[in-house]
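Q: One structure, as C-alpha coordinates, below. Some questions next.
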Amino acid sequence: MNKHGALSAVVTAIIIIAFLLVVLLYFLGPDAILPKVEQAADWLADNTLSGLKKDKFDKVTVETDKNVEEMYDSLVTALRAQGNGPCILDHNPLAGDFKGFKIVISPVEQGTFIRLENNKKQIAKPVTISGKKPCVVGEGNAAQNFYDNYLKDKKCGSNCQNDYSTASLEIQDSGTILVNGQKRSLNDGNLLFKAKDGNICFFSTHFGWFTLPGCSADESGLKSNCIAKIREKLPQCA
(Lines give C-alpha, C1' and ligand atoms only; values in the text may rest on other atoms or scores of the structure.)
Protein backbone atom coordinates (compact mmCIF):
# COMPACT_ATOMS: atom_id res chain seq x y z
CA MET A 1 0.00 0.00 0.00
CA ASN A 2 1.37 3.41 -0.95
CA LYS A 3 1.17 6.50 1.23
CA HIS A 4 -1.97 7.90 -0.38
CA GLY A 5 -3.73 4.53 -0.26
CA ALA A 6 -2.91 4.16 3.40
CA LEU A 7 -4.25 7.59 4.23
CA SER A 8 -7.47 6.90 2.26
CA ALA A 9 -7.93 3.71 4.26
CA VAL A 10 -7.54 5.67 7.49
CA VAL A 11 -10.20 8.20 6.42
CA THR A 12 -12.63 5.43 5.42
CA ALA A 13 -12.03 3.62 8.71
CA ILE A 14 -12.67 6.83 10.67
CA ILE A 15 -16.02 7.37 8.88
CA ILE A 16 -17.08 3.77 9.60
CA ILE A 17 -16.01 4.04 13.25
CA ALA A 18 -17.91 7.32 13.61
CA PHE A 19 -21.08 5.73 12.21
CA LEU A 20 -20.77 2.69 14.47
CA LEU A 21 -20.09 4.97 17.42
CA VAL A 22 -23.38 6.82 16.88
CA VAL A 23 -25.28 3.54 16.66
CA LEU A 24 -23.63 2.02 19.73
CA LEU A 25 -24.02 5.18 21.75
CA TYR A 26 -27.72 5.15 21.00
CA PHE A 27 -28.20 1.57 22.20
CA LEU A 28 -25.55 1.18 24.94
CA GLY A 29 -24.83 4.66 26.27
CA PRO A 30 -21.49 6.56 26.27
CA ASP A 31 -20.05 5.11 29.48
CA ALA A 32 -20.01 1.58 28.12
CA ILE A 33 -18.65 2.11 24.63
CA LEU A 34 -16.24 5.09 24.61
CA PRO A 35 -13.24 3.28 26.26
CA LYS A 36 -13.47 0.48 23.65
CA VAL A 37 -13.63 2.95 20.76
CA GLU A 38 -10.55 4.77 22.08
CA GLN A 39 -8.59 1.50 22.23
CA ALA A 40 -9.64 0.60 18.69
CA ALA A 41 -8.60 4.01 17.34
CA ASP A 42 -5.18 3.75 18.98
CA TRP A 43 -4.67 0.30 17.50
CA LEU A 44 -5.65 1.49 14.03
CA ALA A 45 -3.34 4.51 14.18
CA ASP A 46 -0.36 2.52 15.44
CA ASN A 47 -0.69 -0.15 12.78
CA THR A 48 -1.31 2.28 9.92
CA LEU A 49 1.62 4.55 10.86
CA SER A 50 3.96 1.59 11.30
CA GLY A 51 2.93 0.46 7.83
CA LEU A 52 3.71 3.91 6.40
CA LYS A 53 7.13 3.96 8.10
CA LYS A 54 7.92 0.49 6.79
CA ASP A 55 6.85 1.40 3.27
CA LYS A 56 8.96 4.58 3.35
CA PHE A 57 12.19 3.45 5.00
CA ASP A 58 12.70 -0.30 4.63
CA LYS A 59 13.60 -0.06 0.96
CA VAL A 60 16.78 1.99 1.64
CA THR A 61 19.95 0.21 2.76
CA VAL A 62 22.90 2.42 3.74
CA GLU A 63 26.27 0.70 3.44
CA THR A 64 28.71 1.63 6.19
CA ASP A 65 32.29 0.82 7.14
CA LYS A 66 33.13 -0.79 10.49
CA ASN A 67 36.18 1.40 11.20
CA VAL A 68 34.31 4.61 10.32
CA GLU A 69 31.36 3.53 12.49
CA GLU A 70 33.62 2.82 15.47
CA MET A 71 35.27 6.24 15.12
CA TYR A 72 31.86 7.91 14.86
CA ASP A 73 30.50 6.04 17.89
CA SER A 74 33.47 7.08 20.03
CA LEU A 75 32.99 10.71 19.06
CA VAL A 76 29.28 10.56 19.91
CA THR A 77 30.18 9.11 23.32
CA ALA A 78 32.60 11.98 23.96
CA LEU A 79 30.03 14.61 22.94
CA ARG A 80 27.50 13.07 25.33
CA ALA A 81 29.77 13.56 28.37
CA GLN A 82 27.86 15.04 31.28
CA GLY A 83 28.83 17.70 33.83
CA ASN A 84 30.20 21.22 33.53
CA GLY A 85 33.68 22.62 32.85
CA PRO A 86 35.93 24.26 32.17
CA CYS A 87 37.96 21.14 31.48
CA ILE A 88 39.25 19.06 28.58
CA LEU A 89 38.56 15.54 27.43
CA ASP A 90 40.04 13.32 24.74
CA HIS A 91 38.31 11.81 21.76
CA ASN A 92 39.58 8.82 19.82
CA PRO A 93 41.69 9.67 16.77
CA LEU A 94 39.58 10.29 13.69
CA ALA A 95 39.84 7.79 10.85
CA GLY A 96 42.50 8.49 8.25
CA ASP A 97 40.09 7.42 5.52
CA PHE A 98 36.42 8.29 5.96
CA LYS A 99 35.49 6.01 3.02
CA GLY A 100 33.37 8.77 1.47
CA PHE A 101 31.43 9.44 4.68
CA LYS A 102 31.27 12.68 6.61
CA ILE A 103 30.18 13.54 10.12
CA VAL A 104 27.56 16.31 10.15
CA ILE A 105 26.76 18.07 13.43
CA SER A 106 23.87 20.53 13.46
CA PRO A 107 22.12 22.66 16.09
CA VAL A 108 18.44 21.73 16.49
CA GLU A 109 15.73 22.76 18.93
CA GLN A 110 16.41 19.78 21.20
CA GLY A 111 20.20 20.32 21.22
CA THR A 112 22.65 18.67 18.81
CA PHE A 113 21.83 16.42 15.85
CA ILE A 114 24.81 14.32 14.72
CA ARG A 115 24.88 11.76 11.91
CA LEU A 116 27.05 9.90 9.42
CA GLU A 117 26.27 10.82 5.84
CA ASN A 118 27.60 9.29 2.61
CA ASN A 119 28.12 10.92 -0.77
CA LYS A 120 24.56 9.92 -1.77
CA LYS A 121 23.14 11.99 1.12
CA GLN A 122 22.07 8.78 2.85
CA ILE A 123 22.16 9.01 6.65
CA ALA A 124 23.41 6.35 9.03
CA LYS A 125 23.23 6.20 12.84
CA PRO A 126 21.58 9.59 13.51
CA VAL A 127 21.73 10.70 17.14
CA THR A 128 20.17 13.66 18.99
CA ILE A 129 22.09 14.85 22.05
CA SER A 130 19.62 16.80 24.15
CA GLY A 131 20.58 20.02 25.90
CA LYS A 132 23.96 20.51 24.18
CA LYS A 133 24.86 22.89 21.37
CA PRO A 134 27.45 22.00 18.71
CA CYS A 135 30.31 24.43 19.17
CA VAL A 136 33.89 25.32 18.32
CA VAL A 137 36.63 27.35 20.00
CA GLY A 138 36.90 29.72 17.06
CA GLU A 139 35.03 32.19 14.82
CA GLY A 140 34.83 35.84 15.76
CA ASN A 141 36.48 36.58 19.11
CA ALA A 142 35.87 33.14 20.65
CA ALA A 143 39.41 31.77 20.29
CA GLN A 144 40.99 35.00 21.58
CA ASN A 145 38.55 34.96 24.50
CA PHE A 146 39.49 31.35 25.26
CA TYR A 147 43.16 32.33 25.22
CA ASP A 148 42.49 35.28 27.56
CA ASN A 149 40.29 33.20 29.88
CA TYR A 150 42.58 30.21 30.34
CA LEU A 151 45.99 30.43 28.68
CA LYS A 152 47.40 33.84 29.61
CA ASP A 153 49.75 34.16 32.57
CA LYS A 154 47.05 36.25 34.23
CA LYS A 155 43.87 34.38 33.42
CA CYS A 156 40.43 35.95 33.44
CA GLY A 157 38.83 35.88 36.88
CA SER A 158 35.48 37.63 36.43
CA ASN A 159 33.21 38.87 33.62
CA CYS A 160 35.01 36.49 31.24
CA GLN A 161 33.98 36.68 27.59
CA ASN A 162 32.32 33.80 25.77
CA ASP A 163 34.99 31.33 24.67
CA TYR A 164 33.17 29.28 22.03
CA SER A 165 30.85 29.75 19.05
CA THR A 166 27.75 27.71 18.32
CA ALA A 167 28.04 26.43 14.77
CA SER A 168 27.05 23.85 12.17
CA LEU A 169 30.02 21.51 11.81
CA GLU A 170 31.15 18.97 9.23
CA ILE A 171 34.14 16.62 9.36
CA GLN A 172 35.23 14.78 6.22
CA ASP A 173 38.77 13.82 7.22
CA SER A 174 41.00 13.80 10.28
CA GLY A 175 42.73 17.12 9.53
CA THR A 176 39.96 19.61 8.72
CA ILE A 177 36.58 20.76 9.96
CA LEU A 178 33.98 22.89 8.21
CA VAL A 179 32.57 25.55 10.53
CA ASN A 180 29.42 27.11 9.07
CA GLY A 181 30.83 26.13 5.68
CA GLN A 182 34.28 27.65 6.30
CA LYS A 183 37.24 25.25 6.11
CA ARG A 184 39.38 25.19 9.27
CA SER A 185 42.24 23.00 10.46
CA LEU A 186 41.60 20.34 13.09
CA ASN A 187 45.08 19.71 14.47
CA ASP A 188 43.51 19.42 17.89
CA GLY A 189 45.60 16.68 19.52
CA ASN A 190 42.30 14.73 19.87
CA LEU A 191 41.09 17.25 22.46
CA LEU A 192 37.61 18.58 23.17
CA PHE A 193 36.72 21.51 25.43
CA LYS A 194 33.93 21.20 27.96
CA ALA A 195 32.73 24.74 28.65
CA LYS A 196 31.34 26.06 31.94
CA ASP A 197 27.80 25.37 30.77
CA GLY A 198 28.56 21.77 29.78
CA ASN A 199 28.68 22.26 26.00
CA ILE A 200 31.48 20.26 24.40
CA CYS A 201 33.40 22.07 21.68
CA PHE A 202 35.97 21.26 19.02
CA PHE A 203 39.25 23.15 18.76
CA SER A 204 39.61 24.61 15.28
CA THR A 205 43.26 25.53 14.67
CA HIS A 206 45.62 27.21 12.26
CA PHE A 207 49.29 26.55 11.60
CA GLY A 208 50.42 30.15 11.84
CA TRP A 209 53.13 30.71 9.22
CA PHE A 210 52.83 34.47 9.59
CA THR A 211 52.39 34.74 13.35
CA LEU A 212 54.90 35.06 16.15
CA PRO A 213 56.19 31.84 17.77
CA GLY A 214 54.14 30.47 20.62
CA CYS A 215 50.44 30.16 21.25
CA SER A 216 48.12 32.76 19.72
CA ALA A 217 44.58 33.06 18.38
CA ASP A 218 42.68 34.54 15.46
CA GLU A 219 39.16 34.32 14.01
CA SER A 220 39.67 30.79 12.63
CA GLY A 221 40.81 29.40 15.98
CA LEU A 222 43.87 28.82 18.13
CA LYS A 223 47.32 28.28 16.73
CA SER A 224 47.97 24.54 16.60
CA ASN A 225 50.87 24.70 19.06
CA CYS A 226 48.42 25.92 21.74
CA ILE A 227 47.31 22.33 22.28
CA ALA A 228 50.25 21.52 24.59
CA LYS A 229 49.52 24.67 26.60
CA ILE A 230 45.85 23.75 26.87
CA ARG A 231 46.82 20.37 28.34
CA GLU A 232 49.05 22.19 30.81
CA LYS A 233 46.55 24.87 31.90
CA LEU A 234 43.16 23.12 31.91
CA PRO A 235 42.24 20.13 34.05
CA GLN A 236 41.12 16.82 32.59
CA CYS A 237 37.38 16.31 32.94
CA ALA A 238 36.44 13.83 35.63
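The values are calculated or read from the model by the stated rules, or taken from the named source; none is laboratory data. As the structure is a computational prediction, the values presented were derived from the model and not from experiment. Here the Cβ positions follow ideal geometry from the backbone for every residue, glycine too, while neighbour counts run over all protein chains shown.
Q: When you look at residue 227, is it in contact (Cβ under 8 Å) with a residue 40 or more places away in the chain and crowded, with 23+ Cβ neighbours inside 10 Å, yes or no? Can you show your working first?
A: Working: in contact (Cβ under 8 Å) with a residue 40 or more places away in the chain: yes; crowded, with 23+ Cβ neighbours inside 10 Å: no.
In short, no.
Q: To continue, here is another question. Would you be able to say whether some residue in region 94-102 is touching a residue at least 40 places away in the same chain (Cβ under 8 Å), crowded, with 22+ Cβ neighbours inside 10 Å and out of contact with any Asp or Glu (no Cβ under 7 Å at 6 or more places or on another chain)?
A: no
Q: In addition: Taking region 198-217 as the region of interest, how many residues are surrounded by 14 or more Cβ atoms within 10 Å (Cβ to Cβ) and either at pLDDT 85 or above or among the aliphatic types (A, V, I, L, M) (or both)?
A: Within region 198-217, residues that are surrounded by 14 or more Cβ atoms within 10 Å (Cβ to Cβ) and either at pLDDT 85 or above or among the aliphatic types (A, V, I, L, M) (or both) number 11.
Q: Which of the residues belonging to region 73-117 are acidic (Asp, Glu) and closer than 23 Å to residue 146 by Cα? Before you say what the answer is, go through the steps one by one.
A: Filtering region 73-117 for residues acidic (Asp, Glu) gives 73, 90, 97, 109, 117.
Within region 73-117, just 90 meets the criteria.
Q: Residue 66 versus (1) at pLDDT below 90; (2) surrounded by 15 or more Cβ atoms within 10 Å (Cβ to Cβ): which is the lone unmet condition?
A: So the condition that residue 66 fails would be (2).
Q: Just name the residue that is nearest to the chain's Cα centre (by Cα) out of those in region 75-113 that are over 26 Å from residue 236 (Cα atoms) and of a type in the set (Phe, Trp, Tyr).
A: Looking at residues that are over 26 Å from residue 236 (Cα atoms) and of a type in the set (Phe, Trp, Tyr), I get 101.
Q: List the residue pairs whose Cβ atoms are under 7 Å apart, where the first residue sits in region 165-193 and is basic (Lys, Arg), the second is part of a strand (DSSP E or B), and the two are 6 or more positions apart or on different chains.
A: 183/176; 184/176; 184/177; 184/221
Q: Here's another thing I want to ask about it. Could you count how many residues in region 133-165 are among the polar types (S, T, N, Q) and touching an Asp or Glu at 6+ places or on another chain (Cβ under 9 Å)? Give the derivation first.
A: First pass over region 133-165, keeping only residues among the polar types (S, T, N, Q): 141, 144-145, 149, 158-159, 161-162, 165.
From what's left, touching an Asp or Glu at 6+ places or on another chain (Cβ under 9 Å): 141, 144-145, 149, 161, 165.
Residues meeting the conditions: 6.
Q: Restricting to region 133-162, count the residues that are touching a helix residue (DSSP H, G or I) at 6+ places or on another chain (Cβ under 7 Å) and modelled with pLDDT of 95 or more.
A: Taking region 133-162 as the starting set, the residues that turn out to be touching a helix residue (DSSP H, G or I) at 6+ places or on another chain (Cβ under 7 Å) are 137, 150-151, 155-156, 160-162.
When the remaining residues are screened for being modelled with pLDDT of 95 or more, the result is 137.
Residues in region 133-162 being touching a helix residue (DSSP H, G or I) at 6+ places or on another chain (Cβ under 7 Å) and modelled with pLDDT of 95 or more: 1 in total.
Q: In region 141-238, which strands (runs of 3 or more DSSP E) lie fully inside it and hold 2 or more residues that are of a type in the set (Val, Ile, Thr) and either under 20 Å from residue 95 (Cβ atoms) or touching a Ser or Thr at 6+ places or on another chain (Cβ under 9 Å) (or both)? Full working, then the answer.
A: Numbers: elements: 169-173, 176-179, 182-185, 191-194, 200-202, 221-223.
Ranges flagged: 176-179.
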